[in-house]
Amino acid sequence: MHTVWKGAISFGLVHVPVKMFSATEDKDISMKYIHQVCGSPISYVRRCPNCEVDVNWEEISRGYEYEKGKYVLFTKEELEQLSSQTEKTITILDFVDLHEIDPVYFQKTYYLSPDQAGANAYSLLLEAMRQTGKIGVAKVAIRSKSSLAAIRVIEDCLAVETIFYPDEIRPIAQVPNLPENIQVQDKELTMAKLLIEQLSTPFEPGKYNDDYRANLLKLIEQKVAGEEISLAPAKQEHNIVDLMAALQASIEAVKPIPADPGPAAAKRTKSGAKSGAKAKAEPEAEGEPKPKRKSTKKAQKTIS
């Protein structure tokens with residue numbers, strides 16, 4: 001893994017030297033814009049519209065537009081000096097329970113490993129957090145970007161989850177067309193809860209795949225090999241207006257299919273059927289013997 005950050009975790013007066021590694025990787029398939037006429041990739045140039053010349057990186061600085069068309073400029077050194085105070089330390093401010101942080105706050109996950117002679121302090125913090133069940137809320141600056149972070153234990157590793165500041169989360173009130181008075185039918189609610197129960201299962205991340213990426217890679221291989229491409233028609237969407245009918249159809253679709261009992265079970269079933277037939281043919285084999293029937297002829301003789 002490539003080290004993306006190097007510094008230390010600080011909580012109280014304890015200093016834990018660590019290295020940071022990205023815990024995730026982007027597997028999106030990268031594509032370029034191509035000029036259809038000649039098949040060449042389109043290039044992007046840094047051009048000044050005022051001077052009408054291409055600009056090299058050495059001539060570029062950062063600027064903030066405080067009024068339309070007016071900027072204050074910053075040099076690279078000024079921005080680096082601004083973040084130099086915090087960029088090498090992950091400062092834990094508080095310890096909280098993980099369930100208290102809504103998932104909307106989370107951004108990106110990084111793994112931390114002990115650096116230099118920090119293995120003992122690293123192990124101490126990891127085990128203390130594991131046994132208390134707490135996570136640390138901290139401040140961290142990565143690549144000049146300051147953010148909040150949640151430090152937590154993943155298996156035997158400390159991980160940092162960068163999280164948004166509260167003022168970066170848009171208020172729910174800005175979402176249009178939300179229902180004001182939530183009212184649902186009891187029957188529909190019962191069916192919806194039943195459907196949720198039938199679809200409920202332990203989370204197994206390994207069973208989820210990126211079908212789009214797999215299909216795109218297959219399509220790329222076919223095009224490279226010069227094969228003729230035929231795309232399947234898009235599935236027609238069924239617009240079910242009746243909510244109860246949609247719920248019922250969904251429940252029927254996810255009903256568990258009885259497993260095949262196999263030859264052994266079939267043999268037992270067949271054997272059981274034979275035993276039942278034998279029991280009917282020989283009822284006196286179980287319990288008290290039944291009384292014998294009197295002969296019809298003997299009964300007629302007695303009457304006469």
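Things to note:
- Restricting region 1-110 to GluC sites (Glu not before Pro) in coil, as DSSP defines it, with at most 13 other Cβ within 10 Å: 25, 52
- In this structure, the residue pairs whose Cα-Cα separation is over 31 Å, taken from 19/218; 27/145; 27/223; 32/68; 32/139, are 19/218; 32/68; 32/139.
- Sparse packing (at most 16 other Cβ atoms within 10 Å of the Cβ) combined with a DSSP loop state is found for the following trypsin sites (Lys or Arg not before Pro) in region 1-51: 27, 32, 46.
- Region 132-221: trypsin sites (Lys or Arg not before Pro) in DSSP coil with no more than 13 other Cβ atoms inside 10 Å: 143
- For residue 201 and residue 2, a Förster radius of 41 Å and the Cβ-Cβ distance give a FRET efficiency of 0.70, rounded to the nearest 0.05.
- Accessible surface, 1.4 Å probe, highest first, among residues 190, 3, 109: 190, 3, 109
- Label-zone membership for region 150-169, site residue 95, 7 angstrom Cα→C-beta point, backbone N under 19 Å: 150-161
The values are calculated or read from the model by the stated rules, or taken from the named source; none is laboratory data. A quick note: this is a predicted structure, and the numbers were derived from the prediction, not measured. Virtual Cβ from ideal backbone geometry, glycine too; neighbours counted across all protein chains shown. Accessible surface is based on the protein model in full, side chains and every heavy atom, while ligands, DNA and RNA are left aside. Shrake-Rupley method; radii C 1.70, N 1.55, O 1.52, S 1.80 Å.
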